[in-house]
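The values are calculated or read from the model by the stated rules, or taken from the named source; none is laboratory data. The shown structure was predicted, so the numbers you read here are calculated from the model rather than taken from an experiment. Methodologically, a virtual Cβ is constructed for each residue, glycine included, from the backbone with ideal geometry; neighbour enumeration extends over all protein chains shown.
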Amino acid sequence: MDVEILSRIQFALTVSFHYLFPPLSIGLGLLLVAMEGLYLKTKNPVYETLAKFWTKLFAITFTVGVATGVVMEFEFGTNWATYSRFVGDIFGSPLAIEGLFAFALESTFLGILVFGWNKTKPTTHFIATIGVWLGSMLSAIWIIVANSWQQTPAGFQLVVNGSKMRAEITDFWAMVFNPSSMDRVFHVWMGAFLSGAFLVLSVHAYYILKNRHVELSKKAFKIALAVIIVVSFVQLFSGHRSANIVAKYQPVKLASLEGHWDSIAPADMYLFGYIDKKAEKTYGIAIPGGLSFLTSTSFKTPVQGLKAVPRQDRPGPLNLVFQFYHVMIILGVFFIGYSLLMLFLWWRGKLFSYKWVLWLTTFSVVLPQIANQVGWYATEIGRQPWIVYKLLRTSDALSKAVQAQQVVFSIILFSVVYLILFALFIYLLRKSILTGPEKD
């Protein structure tokens, strides 16, 4: 493999592993606010016990997330030096704000959240819990703003310095509120809420199956389930809005997501299928004109296809973009179906009556994580061959001095370190879950 492919694999490895944890932090933060808020309102000690228990798991998740996120900043300088010079003025601003304000806010209140039980007033501790949650939400905003600028650049000018060119901010707020940023922030938040809620749901479904902490778990189960029911439907509309943004500003990406080839013609919406890149065809089951309808409310509206651009400007690997996107869609439909099932059982008073439903809930904890990962894969691979859309190609963004064997060595090293960290995370998580909530 060449340096470009290896460097993309290296960054994908580090980002994918890191991205297991921030969504959990955001989602668990919301649940902690709900649990502690219910305790303050009702004075029921069960909610305090739940909040203390999940604070431990939140702290584990947050710590590993911080440790795994540091690596990526160094990769910009080592593997992507040309990219760093080109976007440093723009990309550095939201990252600096994220560190100075969002991460600082989250870290400051984290100390009170973890160590402030019985040392601060309940109201003060609740404010700290909200501060930690808001800090994690703000962190997501600035990271996604930086990434979204690569997808839909705005508020900048190109400046030539000798033989090199770089982008400079001309309108900070136009950069922040670029065409895709806010929709993508909201979409990521919803995915994070699902991740945290499904973890809470999974653990307490397991407790109910094992006849441990049953009454306490039923309360936690209902709190998490309420979040999932609301968010799963909101996510549907959020995803639709994001797709419309892609259709307007990145039509080639949309064509790759749906396997649409005709240069300009009505587009079908594939439920599942396979792209034959050589034959330039997509095989599968599709709704005729479905993509045209979703982007324009008409089944006959022409949509730009992959054949409208040269081969070198098409995303790659193309079939991966298509498959990752459709896995995300399938999982989104599952979340809605699961919500409808659980809502029906809740209404009938049989929420905890069926073991198969509880086992399904227990093992469903991995599904939001898979949806988050494949969604990002489809987004990032679908932007190729551009690292900054229509401004800088990925092949031109590499560091000139880095060699393939060096990248291979770093991939092996990162893999070993991350396996150790993941094993430690699972060990601590499992130990805390098996110990269970402790009553004061």
Ser217 being without any contact (Cβ under 8 Å) to a residue 40 or more places away in the chain, assigned to a helix (DSSP H, G or I) and over 21 Å from Pro179 (Cα atoms): yes
Test: residue in segment 326-347 that is in a loop (DSSP other than H, G, I, E, B) and touching a helix residue (DSSP H, G or I) at 6+ places or on another chain (Cβ under 6 Å): no
Candidates Ile433, Ile387, Ile420, Ile426, filtered to the one that is within 26 Å of Phe86 (Cβ to Cβ) and β-branched (Val, Ile, Thr): Ile387
Subset of segment 402-421 (residues that are in contact (Cβ under 8 Å) with a residue 12 or more places away in the chain and either part of a loop (DSSP other than H, G, I, E, B) or over 17 Å from Gln10 (Cβ atoms) (or both)): Val402, Gln403
In segment 141-168, residue farthest from Trp376 (Cα to Cα) [restricted to those that are aliphatic (A, V, I, L, M) and without any contact (Cβ under 8 Å) to a residue 40 or more places away in the chain]: Val160
Unique residue being within 18 Å of Leu24 (Cβ to Cβ), modelled with pLDDT of 80 or more, over 21 Å from the mean Cα position of the chain (by Cα) and in a helix (DSSP H, G or I) when the list is Thr129, Thr108, Thr124: Thr129
Pairs with Cβ under 7 Å, 6+ apart, first in segment 41-61 and surrounded by fewer than 20 Cβ atoms within 10 Å (Cβ to Cβ), second modelled with pLDDT of 90 or more and outside any helix (DSSP H, G or I): none
Selection from segment 127-145 of residues that are over 18 Å from Ala192 (Cα atoms) and in contact with a Leu (Cβ under 6 Å, 6 or more places away or on another chain): Ala128
Some residue of segment 56-76 being at pLDDT below 90, of a type in the set (Asp, Glu), over 25 Å from Thr435 (Cβ atoms) and more than 19 Å from the chain's Cα centre (by Cα): yes
Segment 190-202: number of residues that are out of contact with any Pro (no Cβ under 9 Å at 6 or more places or on another chain) and either free of Cβ contacts under 8 Å to residues at least 12 places away in the same chain or within 22 Å of Thr42 (Cβ to Cβ) (or both): 2
From the options Ser292, Ser242, Ser298, residue that is touching a helix residue (DSSP H, G or I) at 6+ places or on another chain (Cβ under 9 Å), touching a residue at least 24 places away in the same chain (Cβ under 8 Å) and not in a strand (DSSP E or B): Ser242
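Residue-by-condition table, conditions (1) within 24 Å of the chain's Cα centre (by Cα); (2) closer than 30 Å to Arg166 by Cα; (3) exposed (fewer than 11 other Cβ atoms within 10 Å of the Cβ):
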residue	(1), (2), (3)
Ala397	no, yes, no
Val407	no, yes, no
Leu424	yes, no, no
Leu428	yes, no, no
Ser432	no, no, no
Hits in segment 263-289 (condition: part of a loop (DSSP other than H, G, I, E, B) and either at positive phi or touching a Ser or Thr at 6+ places or on another chain (Cβ under 6 Å) (or both)): Ala267, Glu280, Gly289
Where a residue in segment 169-189 is polar (S, T, N, Q) and its partner, wherever it lies, is surrounded by fewer than 17 Cβ atoms within 10 Å (Cβ to Cβ), with Cβ under 6 Å and at least six apart: Thr170/Gln157
Conditions (1) more than 24 Å from Gln10 (Cα to Cα); (2) in contact with a Ser or Thr (Cβ under 6 Å, 6 or more places away or on another chain); (3) touching a residue at least 40 places away in the same chain (Cβ under 8 Å); (4) not acidic (Asp, Glu): number failed by Ile387: (1)
Matching entry among Tyr377, Tyr354 (being touching a Leu at 6+ places or on another chain (Cβ under 9 Å), within 30 Å of Ser84 (Cβ to Cβ) and of a type in the set (Phe, Trp, Tyr)): Tyr377
Filter result for the condition that a residue is over 17 Å from Val365 (Cβ atoms) and at pLDDT 90 or above, over Phe221, Phe156, Phe177: Phe177
Output for segment 74-95, where each listed residue is crowded, with 18+ Cβ neighbours inside 10 Å, touching a Ser or Thr at 6+ places or on another chain (Cβ under 6 Å) and in contact (Cβ under 8 Å) with a residue 40 or more places away in the chain: Asn79
